[in-house]
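Chemist: Dropping a structure here in structure tokens format, bear with me for questions.
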Amino acid sequence: MDMSEKFLTPGEAANLKGVSRTTIYSAIATGRLPQVRLLGRLALREADVLAWQPFEARGRPPGIPISEETKARMSAAHKRRWKQRKGTP
């Protein structure tokens, strides 16, 4: 361990990335964010936190229309929410 490295607490890492501490702990638990122990306390290397991408892209990319087949499978409530988000009557 290089002594010039900067280490962060989970709270500091959460503030730096704009996520909750729960998200940080979840990433540590699943192995997506490496951790170290300093004096018995959990610490994260700043470089690891900066390189970590908290969210994977999911769902339909913006601007891609929904297909008619998919619309037919949607529930009535889902269709209402879809229309509200798209601003259509």
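Every number here is computed from the coordinates shown, using simple stated rules; none is lab data. The structure displayed is predicted, hence computed values, not measured ones. With ideal geometry, Cβ positions are generated from the backbone for all residues, glycine too; neighbour counts draw on all protein chains shown.
Chemist: Limiting things to C-alpha atoms, what are the Rg and the maximum Cα-Cα separation (Dmax) for region 7-51, in angstroms?
Modeler: 9.3, 26
Chemist: Hey, can you rank 12-19, 38-45, 65-72 by average C-beta count inside 10 Å, highest first? All intermediate terms of the calculation are to be shown ahead of the outcome.
Modeler: Details: 12-19: 16.9, 38-45: 13.2, 65-72: 9.2.
Result, highest mean Cβ count within 10 Å first: 12-19, 38-45, 65-72.
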